[in-house]
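Colleague: My questions all concern the structure below.
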Amino acid sequence: MKICPKCRKTYADDFAFCSTCGCGLEQQEIPINQNKNLSHAIIIVALIVIVCIGFALSEQKKISDTRKEIENYKYNKAFEEYMNTPTTADIKVGRDWTTEKSGNYIYIKGTVTNTSYSKTISYFEVEAKFYDRYGNVIDSDWTNDGKDLAPGESRRFEIMHRYSPDEQDIKLSIKDVK
């Protein structure tokens, strides 16, 4: 960069004379102090950038850690709820159930057992499906119980259903559990 010694106007290096006063231009040198100030400014800006990046990464880690904590809490809560909520797999119909026909009714009697180790079942339904000789469901019936069934406990049930000579087979299952 060049500067006019008379009017102090600055020009690019390819100019030889000042267009205002006609004076010959001199090559301007940047003082060493300005280079030092520029170096200090660059170092300060670099430090500020490094601090900002460090802060941003720290905040991002905090957000990530908080998100993981929330996900773990939700998982643990769902797992705990699952472990304490009875399902139809937690209760079994005993294989020793029987049928007895009396008048126009058929009585199905048997036992159910809470097979879970920790869940108390407060309600269950035992369903009977009645099949014809072709394997088609022609009717169904169920009974329920609203008394607590503790883990490992068994209880008797009975389903009373209007008899039909078309019924050739009966299958029992657990319909609902709470």
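Colleague: Do you know which residues across region 95-119 are among the acidic types (Asp, Glu) and modelled with pLDDT under 95?
Modeller: ASP96, the sole residue that qualifies.
Colleague: Residue check: is ALA56 surrounded by 10 or more Cβ atoms within 10 Å (Cβ to Cβ), small (Gly, Ala, Ser) and closer than 30 Å to ILE121 by Cβ?
Modeller: Judged against the criteria, ALA56 is not a match.
Colleague: From VAL177, VAL126, grab the single residue that is touching a Phe, Trp or Tyr at 6+ places or on another chain (Cβ under 6 Å), farther than 15 Å from GLY110 by Cα and of a type outside the set (Ser, Thr, Tyr).
Modeller: Among VAL177, VAL126, only VAL177 is touching a Phe, Trp or Tyr at 6+ places or on another chain (Cβ under 6 Å), farther than 15 Å from GLY110 by Cα and of a type outside the set (Ser, Thr, Tyr).
Colleague: Right, another one. Looking at region 85-110, which of its residues are hydroxyl-bearing (Ser, Thr, Tyr), touching a residue at least 40 places away in the same chain (Cβ under 8 Å) and loosely packed, with under 15 Cβ neighbours inside 10 Å?
Modeller: Once the filter is applied, which keeps residues that are hydroxyl-bearing (Ser, Thr, Tyr), touching a residue at least 40 places away in the same chain (Cβ under 8 Å) and loosely packed, with under 15 Cβ neighbours inside 10 Å, region 85-110 yields THR87, THR88, TYR105, TYR107.
Colleague: List pairs: first in region 132-153 and assigned by TED's automatic domain parsing to the domain that holds VAL93, second of a type outside the set (Asp, Glu) and surrounded by fewer than 12 Cβ atoms within 10 Å (Cβ to Cβ), Cβ under 7 Å, 6+ apart or cross-chain?
Modeller: Matching pairs, first to second residue: PRO151/TYR117; PRO151/SER118.
Colleague: How do the pairs read when you match residues in region 116-131 that are farther than 15 Å from TRP97 by Cβ and touching a residue at least 60 places away in the same chain (Cβ under 8 Å) with residues anywhere that are of a type outside the set (Asp, Glu) and crowded, with 21+ Cβ neighbours inside 10 Å, using Cβ under 6 Å and keeping only pairs 6 or more apart or on different chains?
Modeller: none
Colleague: Could you run through region 7-39 and say how many residues are assigned to a helix (DSSP H, G or I) and either modelled with pLDDT of 85 or more or of a type in the set (Val, Ile, Thr) (or both)?
Modeller: The total comes to 1.
Colleague: Checking ILE106 against (1) of a type in the set (A, V, I, L, M); (2) outside the structural domain of ALA150 (by TED's automatic domain parsing); (3) not in a helix (DSSP H, G or I), which test does it fail?
Modeller: (2)
The values are calculated or read from the model by the stated rules, or taken from the named source; none is laboratory data. Keep in mind it's a predicted model, so treat the numbers as computed, not measured. Positions of Cβ are backbone-derived with ideal geometry, glycine not excepted, and every protein chain shown enters the neighbour counts.
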